[in-house]
1. Please tell me if B:S40 is assigned to a loop (DSSP other than H, G, I, E, B), within 14 Å of chain A (Cβ to nearest Cβ) and open to solvent by 50 Å² or more (accessible area, probe 1.4 Å).
2. Within the range A:52-75, take every residue that is modelled with pLDDT of 90 or more and open to solvent by 70 Å² or more (accessible area, probe 1.4 Å) and give me the one that is farthest from the other protein chains (Cβ to nearest Cβ).
3. Mind counting the residues in the range B:1-54 that are farther than 18 Å from A:T102 by Cα and more than 15 Å from the chain's Cα centre (by Cα)?
4. Show the residue pairs that are 6+ apart or on different chains and have beta-carbon atoms under 8 Å apart, the first residue being within the range B:1-23 and without any contact (Cβ under 8 Å) to a residue 40 or more places away in the chain, the second being open to solvent by less than 70 Å² (accessible area, probe 1.4 Å).
5. Of the residues B:E15, B:E45, which is over 26 Å from A:M32 (Cα atoms) and of a type in the set (D, E)?
6. Quick one: which of B:F49, B:F34 is in contact (Cβ under 8 Å) with a residue 24 or more places away in the chain, closer than 25 Å to A:C91 by Cβ and in a strand (DSSP E or B)?
7. Within the range B:5-24, how many residues are outside any loop (DSSP other than H, G, I, E, B) and open to solvent by 10 Å² or more (accessible area, probe 1.4 Å)?
8. Quick one: A:K41 ticks every box in (1) open to solvent by 30 Å² or more (accessible area, probe 1.4 Å); (2) in contact with a Ser or Thr (Cβ under 9 Å, 6 or more places away or on another chain); (3) on the phi > 0 side of the Ramachandran plot; (4) not β-branched (V, I, T) bar one, so which box is it?
Amino acid sequence: DTEVTQTPKHLVMGMTNKKSLKCEQHMGHRAMYWYKQKAKKPPELMFVYSYEKLSINESVPSRFSPECPNSSLLNLHLHALQPEDSALYLCASSQDYRGQETQYFGPGTRLLVL
Amino acid sequence: QKEVEQNSGPLSVPEGAIASLNCTYSDRGSQSFFWYRQYSGKSPELIMFIYSNGDKEDGRFTAQLNKASQYVSLLIRDSQPSDSATYLCAVNRAGRRALTFGSGTRLQVQP
């Protein structure tokens, strides 16, 4: 089973709202990722968690706040977003075997910021 | 120079033909290489991964890696209209857990 689930599938929020994106995997993977993808562009890395610790933050604005409550769950808390933050937000996970890691993506959350 | 480069396409092939997708990368320390397929509005789906020089075959798909030339390719045999999608090449650089993606090649298979 190589399934990564994400909720919600779609989200519309105003610039003053607070919302959270959720990601879950039950493959025993120890690394989890958040990517952002704009239309007709490749995914861009935002955050990496390894063994529930934040290991990479790609200089993402503080209005995006990641959280890894346990090895199966990854959240992305959103606050005071801008319209340019509208994008497809992708979660991925991997075994965390250094150098040969295959990442599996969830279906994504399509976010629209009004 | 981009870290991972792909021709954006569209690459148009007739149904039943071989589609050849190419990717070059700049970091010689890169260790693992992936091809993802992405349909419009969907998330990337893993098609192939390859770690060693040479060819790796899986069904209609063959990945080819040449580390000396810093080149990785994906061949799709007997192309079907359902193969029409954007194909993303991704590279895992040594010492860095995250993937670096190319900009993707859009493949169109004409019935």
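1. Values: assigned to a loop (DSSP other than H, G, I, E, B): yes; within 14 Å of chain A (Cβ to nearest Cβ): yes; open to solvent by 50 Å² or more (accessible area, probe 1.4 Å): yes.
For B:S40, the condition - assigned to a loop (DSSP other than H, G, I, E, B), within 14 Å of chain A (Cβ to nearest Cβ) and open to solvent by 50 Å² or more (accessible area, probe 1.4 Å) - is met.
2. The selected residue is A:S62.
3. 14
4. What qualifies is B:Q1/B:S26.
5. B:E15
6. B:F34
7. Going through the range B:5-24 one residue at a time, the tally reaches 8.
8. (3)
The values are calculated or read from the model by the stated rules, or taken from the named source; none is laboratory data. Everything numeric in this text was worked out from a predicted model, so none of it was measured. For neighbour counting, all protein chains shown are included, and Cβ atoms are generated from backbone atoms with ideal geometry for every residue, glycine included. Side chains are part of the model used for accessible areas, which takes the heavy atoms of the whole protein and leaves out ligands, DNA and RNA. Shrake-Rupley method; radii C 1.70, N 1.55, O 1.52, S 1.80 Å.
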